[in-house]
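To keep things clear, I will list the structure first and then write my remarks on it.
The values are calculated or read from the model by the stated rules, or taken from the named source; none is laboratory data. Here the structure is a predicted model, which is why all the values come from computation and not from measurement. Note that each Cβ is placed from the backbone with ideal geometry, even for glycine, and that neighbours are counted across all protein chains shown.
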Amino acid sequence: MENIRDEVKDLQIGMKIRNFRQDRRLTLQDVADKTGLSKPLLSQIENNQVIPPLATLLRIAKAFGITLNCFFEDERDETKCILIRAGEQRTRQLRVQHDHRPQPYTYNSRAYGKTRHKMEPFDIEFFAREWSDELLVRHEGEEFLFLLEGEVEFRHGDQTFRLRPGDSVYYDSTEPHGYIAVSEVQPRGLAVLYSKN
């Protein structure tokens, strides 16, 4: 767990968020108003005390008018094509629960090093095994998930689906959605997030 935290801290996401905010001459309160996130939470994120989930980062990115990917890499990079070999994912991001419960999922970027793109591909591993409405997230854009191993229960709005290996789901992510693992085999999948910003 600490290794993952260290890897995320190495990305300096909090510092990048602060820099984007200051470049736009926005206060923490301004960002709180634009995102619906609390000022104390934003401060904790900027100070690397809290590692935000994707949904939170997407809200912050939208408030700044940037892509999610800007938080994960050097904006000066003009690379037009990225090849990532099996097992060579360079970034491991972690969704952290504020109350220190087990992690619902981890995700690895499949586009690390590619700037200015609208799709965000990730490998995802699902860990949460008991449903809680706190697992529901919503954000701008659309998502696609292809399940590689294990089984998950997926909730979208008022619908519930059981996904098995080879199943996929494409959905509007402005609706509340979330997953839990429901198999002994650790569920793994490939997800792609799309946002216009």
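Annotations
- Residues that are under 13 Å from the mean Cα position of the chain (by Cα), among the charged types (D, E, K, R) and closer than 24 Å to GLN186 by Cβ within segment 128-145 comprise just one, GLU143.
- Residue check for GLN12: at positive phi and at pLDDT below 85: yes
- In segment 110-143, the qualifying residues are those that are among the aromatic types (Phe, Trp, Tyr) and more than 18 Å from ARG162 (Cβ to Cβ), and the one that is modelled with the lowest pLDDT is TYR112.
- Qualifying residue in segment 63-74 (condition: at pLDDT 80 or above, over 28 Å from LEU163 (Cα atoms) and either in a helix (DSSP H, G or I) or outside the structural domain of GLN29 (by TED's automatic domain parsing) (or both)): yes
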